[in-house]
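Undergrad: Below: one structure in structure tokens.
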Amino acid sequence: MNAEEAQQVDATLRRLGIPGVVAPEDPEHAAGTWRVYDSADPAIRKDITADVLAAVVAKFSEANPEPPGKPQTGPTRGFIIPPNEG
């Protein structure tokens, strides 16, 4: 992600209460790729981007536990085309 996307991710994490520090991979090159870390200190931080992504998905799953594309329980509209007889 870039710096602009990183700001959006950081705001989303704070809104959802998910811990993480969004920072550039290379602290000297802010225009480069950004990731999510467990600490702001570049010397000891650990990349937790994948874990944070899973946590975001889990938060949204909690909000809407029904899987997408759940089969409808009611009637469905459609067309019945009779066979050609002739």
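Undergrad: Using only the heavy atoms of the protein chains and a 1.4 Å probe, how would 41, 51 rank by accessible area, largest first?
TA: Order by accessible area, largest first: 51, 41.
Undergrad: Give me the extension gain from residue 46 to residue 81: residue separation times 0.36 nm, minus the current Cα-Cα distance, reported in nm with one decimal.
TA: Numbers: separation 35, 0.36 × 35 = 12.60 nm, distance 6.06 nm.
Full-extension gain reported as 6.5 nm.
Undergrad: Could you work out the local net charge near residue 37, counting Lys and Arg as +1, Asp and Glu as -1, over the other residues with Cβ closer than 13 Å to its Cβ?
TA: Details: positive: 35, 45, 46; negative: 10, 25, 26, 38, 41, 47, 51.
It works out to a net charge of -4.
Undergrad: Which order do 35, 14, 45 take when ranked by solvent-accessible area (1.4 Å probe, heavy atoms of all protein chains), largest first?
TA: 14, 35, 45
Undergrad: Which net charge results when you count Lys and Arg as +1 and Asp and Glu as -1 among the other residues whose beta-carbon is under 13 Å from that of residue 1?
TA: Charge balance near residue 1 sits at -4.
Undergrad: List the residues, sorted by chain then number, that are 5 or more residues from residue 22 or on another chain and whose placed amide H is less than 5 Å from its amide H.
TA: 37
Undergrad: Run the quick spin-label model on residue 60 and residue 25: label points 7 Å from Cα toward the beta carbon, then report their separation in nm to one decimal.
TA: If labels sit at residue 60 and residue 25, their model points lie 2.4 nm apart.
The values are calculated or read from the model by the stated rules, or taken from the named source; none is laboratory data. Worth saying up front: this structure is predicted, and the values here are computed from it rather than measured. Neighbour counts are summed over all protein chains in view; Cβ atoms, including those assigned to glycine, are modelled from backbone coordinates with ideal geometry. When the accessible area is computed, the model is the full protein with side chains, heavy atoms only, and any ligands, DNA or RNA have been set aside. Shrake-Rupley method; radii C 1.70, N 1.55, O 1.52, S 1.80 Å.
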